[in-house]
1. Report, to the nearest 10°, how far helix 68-85 tilts away from the longest principal axis of the Cα atoms in the chain, using its own Cα long axis and a range of 0 to 90°.
2. Mean-square fluctuation check for the chain, GNM, Cα pairs under 10 Å: which of A76, A95, A14 is largest?
3. Got a sec? Charge dipole of the chain, +1 on Cβ for Lys and Arg, -1 for Asp and Glu; which of C31, P89, G68 is way out at the positive end?
4. Using a simple charge model, +1 on the beta-carbon of Lys and Arg, -1 on the beta-carbon of Asp and Glu, nothing else, what dipole does the chain show about its Cα centre, in debye to the nearest 20?
5. Taking only Cα atoms, what is the 0 to 90° angle, nearest 10, from helix 5-19's long axis to the longest principal axis of the chain?
Amino acid sequence: MMVSRGAAAEQTAADYLTQQGLVLVERNFRCRLGEIDLIMRDGQTLVFIEVRQRASQQFGGAAGSIDGRKQQKLIATAQQYLARLGKTPPCRFDALLLQGQSMEWIRDAFGA
């Protein structure tokens with residue numbers, strides 16, 4: 001079975017973050033508002049993680065691709081996820097950027 005580059009990037013990100021002590025809660029949470037690549041727990045904090053892979057820095061690279069519109073979609077999707085839980089734990093939004101052979105983990109990439 002062929003694995004897409006996106007799925008491979010998400011697996012790489014999940015493996016790396018697990019090594020950093022985070023615990024995977026859910027992958028590819030989808031609702032009508034959007035999708036969250038990874039939902040993980042960092043201690044008591046629920047972390048919504050956007051994984052971005054880019055071949056180069058052209059067009060702003062991986063970080064530049066998470067613009068205001070994308071952030072709003074992620075926030076709205078996270079709110080839908082939290083509504084299902086019935087309680088709201090501490091939360092944050094992280095980004096894991098894969099570019100060429102480098103990986104960058106940005107904790108608290110944007111506020112909500």
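Readers should treat all values here as calculations from the given coordinates under stated rules, not as data from a laboratory. Bear in mind the structure is a predicted one, so any value in this text is a computation, not a measurement. Please note: Cβ atoms are built from the backbone with ideal geometry, for glycine as well, and neighbour counts cover all protein chains shown.
1. Its long axis makes an angle of about 40 degrees.
2. A76
3. Toward the positive end, the furthest listed residue is C31.
4. For this selection, approximately 360 debye.
5. On a 0 to 90 degree scale, this one is about 60.
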